[in-house]
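Just below is one structure, and these are the notes that go with it.
Each value in this text was obtained by applying a stated rule to the coordinates, not by laboratory testing. Predicted, not measured: the structure shown is a model, and the values here were computed from it. Glycine also receives a Cβ, built like all others from the backbone with ideal geometry; neighbour counts cover every protein chain displayed.
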Amino acid sequence: MAYDPSQMMITNKFKTPASALRFLLLSALYFLLIHAANGKVHHHKFVIRSAPFTRLCSSKNILTVNGQFPGPTLKAHRGDTLVVKVYNQANYNLTIHWHGSNQVRNPWSDGPGYITQCPIKPGNMFKQIINLSTEEGTIWWHAHQGWARATVHGAFIIYPKRGHTYPFPKPHAEIPIILGEWWKEDVMEVPNVANITGRQPNTSDAYTINGQPGYLYPCSKKDTFKMNVDYGKTYLLRIINAVMEEEIFFAIANHKLTLVGKDGLYLKPIKTDYIMITPGQSMDILLEANQRSLGHYFMAARPYFSVDGARFDNTTTTALLVYNNSHKHHKKSPILPNLPPYNNTQASTIFTKKFRSLATKTHPINVPKKVDTHLLFTFSVNLLNCTHDKPCNGPFGMRFSASVNNVSLVHPANIDFLSAYYYKVPGVFEMDFPKKPKREFNYTADELPEYVLGTSPGTKVLVLEYDASVELILQGTNVLASDNHPIHLHGYTFYVVGSGFGNFDPKQDPKNYNLIDPPQETTVGLPKNGWVAIRFKANNPGMWLLHCHIERHASWGMNMVFLVKDGPTPQTQMIPPPKDLPKC
């Protein structure tokens, strides 16, 4: 659908040119004041292009940012602004998402293709602006188009405001630890092959730590990532799960880990032997180098996978923790840490149940106590019939699909959701996404009727009034195959006030909510055949995507879109779109 932003902005959103000009001036003044008061402006250049890399005994070209895999680490302080010019020199349409940044009033730079922008076409550039607000700790950035994020990703470190300190002793050094995957085949073709067959995508050939598979894979030993430490010092590990398909258990042999932050927000310290981190999540971990037997110790990661009968990459990636001043001819082989078995849901639950916000004077929380908008979303893996124009040979002669409240999101073709809303382009989406399942059933029963297997495609959004107090129940289901779903909400942090297994009970389960110090997160693990209750204030206007961060589920349609209305003042409304916003 053709549209001309320059002609439609004033006539559609504002009654007069004068009101439009006044809004633009007030918005510009507001952001100038925010920048001057809060921090510095950092400028970066991202060039997305193919570059050759060798892993697992063979070489191939992969998509990179500035020729790096993983990509460059961004660093800023709380309240700073980043201006990133993204140049697409690849052969694919691409977008970049700043995962964990709330992008207050600025959904235009959030990044998901066909939601808040059209993709950046090959040969084009888009200048994205990231205004940091309450984020502090480790978040990350990644491609948000197709499977490009398998190699197009990097760490995003946000330090406390200048003059402020961590809520824990300052570490000696910090080390990003990015968990990823490697395919021998062209990863950009993985979803295309799956779409043709209707089956599950091919699994990866290796997991990686900072781009390297590690000791246990062929042709990988000499390139294993090494982290050097001094005895008696404490290190901050900034761990990111950039894996496409699986949750991950991670541990370091003979060392305790102390979790102090998650998703760019602090937590009460948790001592643990291991962590379970889902795709999309980031965690800040303190590591004390306290082993008197100086030597080499493995850090290792392998999947947590709870789906019965499905294929997955059941391998282990390793890196080395090396004590400085170890004997030069140290010949004792490093030992592997004790990681939980890959299907140990109990180990995953024990770890995640410990999360608590700091909830202190310097790091307060503001969980909504009264709720005016109640939502219940079911997350299901579904099946669709093959058709003459889309043949397939998936399970039961059908093809995989996925849904939220039995709706599989379909993107518009020629415009993004946000532009269609802003310029009032009709016929692009419907505003009737269901607030609860239209068809109720025993969501987590061992046996379910066949009629629940299907789903319906839809280009729908759910409208939230500005400043609404929202409680959203994320409900897992046993449709076809239950799983642990990492659910990510763009544009917001939320409070995880409760969770459990089975079906959510609206009468009994809220009695056990934690409204005192619930953790704030941006990506939460929805347990296998369980539920999670989250709360947030809808005070960030715009279009915001909610989706499963397991890529096969997202590509099958396990996504939905919130439309949060503008507030009553210029300071509570979306800023206007940038002039260089990509067009479809």
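Think of it this way: in the chain, Cys548 stand alone, with no other Cys Cβ under 4.7 Å. When only Cα pairs below 8 angstrom with a gap of at least 6 residues are kept, region 183-258 shows a relative contact order of 15 percent. Pairs with C-alpha atoms separated by more than 26 Å, drawn from the list Lys184/Lys583; Lys40/Lys256; Lys184/Lys332; Lys353/Lys565; Lys435/Lys507, are Lys184/Lys583; Lys40/Lys256; Lys184/Lys332; Lys353/Lys565.
Taking amide H as placed 1.01 Å from N in the peptide plane, Trp183 has its amide H under 5 Å from the amide H of Asp205, each at least 5 places away in sequence or on another chain. Ranking Pro191, Val65, His77 by how far each Cα lies toward the positive end of the dipole of the chain (charges on Cβ) leaves His77 at the top.
How do 515-522, 226-233, 136-143, 265-272 rank on mean C-beta neighbours within 10 Å, highest first? Could you put the intermediate results ahead of the total?
Details: 515-522: 20.9, 226-233: 15.1, 136-143: 26.4, 265-272: 17.8.
Per-residue mean Cβ counts within 10 Å order the peptides as 136-143, 515-522, 265-272, 226-233.
With all projection directions averaged, the alpha carbon convex hull of region 233-280 covers 3.7 nm². Length available on full extension from Glu185 to Ala445: 0.36 nm per residue minus the Cα-Cα distance, which gives 89.8 nm. Taken over the C-alpha atoms, the chain has Rg and Dmax values of 23.3, 78 angstrom.
Simple rule: put +1 on each Lys or Arg Cβ and -1 on each Asp or Glu Cβ in region 390-442, find the dipole, and look at Pro395, Ile415, Phe429; the Cα lying farthest toward the positive end is Pro395. Using a ≥ b ≥ c from the Cα gyration tensor of region 512-567 (square roots of the eigenvalues), is it rounded, prolate or oblate, where a/c under 1.5 gives rounded and otherwise the larger of a/b and b/c decides, a/b for prolate? In terms of gyration-tensor shape, oblate. From most to least packed by mean Cβ count within 10 Å, the peptides 381-387, 555-561, 371-377 give 555-561, 381-387, 371-377.
Of all DSSP beta bridges located in region 445-584, what percent are antiparallel, nearest 5? Don't skip to the end; give the middle numbers.
Numbers: 29 of 33 bridges.
Of those bridges, close to 90 percent are antiparallel.
Across the chain, Cα pairs under 8 Å and at least six residues apart give a relative contact order of 15 percent. Given in Å, the Rg to one decimal and the Dmax to the nearest whole number for the Cα atoms of region 197-336 are 16.1, 55.
Full extension of the segment from Asp467 to Glu430, taken as 0.36 nm per residue of separation minus the current Cα-Cα distance, would add 11.1 nm.
What order do you get for 297-309, 451-463 when each peptide is scored by the mean count of other beta carbon atoms within 10 Å, highest first? Before the final figure, lay out each step's value.
Details: 297-309: 20.6, 451-463: 17.9.
Highest to lowest by the protection proxy: 297-309, 451-463.
What number, in nm² with one decimal, is the all-direction average of the projected area of the convex hull of the alpha-carbon atoms of region 397-495? Provide the component values of the computation, followed by the final result.
Working: hull surface 34.3 nm².
Reported value for the Cα convex hull: 8.6 nm².
Computed with the Debye formula from one identical point scatterer per Cα of region 490-530, without solvent, the log10 of I(q)/I(0) at q = 0.33 Å⁻¹ comes to -1.14.
For region 120-234, a crude dipole built from +1 on the beta carbon of Lys and Arg and -1 on the beta carbon of Asp and Glu, taken about the Cα centre, is about 300 debye to the nearest 20. Over all pairs of different C-alpha atoms in region 300-436, the reciprocal of the mean inverse distance, the Kirkwood hydrodynamic radius, equals 22.0 Å. Entry note, region 489-568: relative contact order of 35 percent, from Cα contacts under 8 Å with a spacing of 6+ residues. Backbone geometry of region 170-177 corresponds, through the Karplus equation with coefficients 6.51, -1.76 and 1.60 at θ = phi - 60°, to 3J(HN,Hα) couplings of 4, x, 5, 7, 10, 9, x, 10 Hz, x marking Gly and Pro.
Residues in region 392-410 near a label at Asn385, defined as backbone nitrogen under 19 Å from the 7 Å Cα→Cβ point? Once the point is set 7 Å along Cα→Cβ of Asn385, 392-402, 407-408 turn out to lie under 19 Å by backbone N, inside region 392-410.
Using R0 = 22 Å, the C-beta based FRET efficiency linking His44 and Ala173 works out to 0.45.
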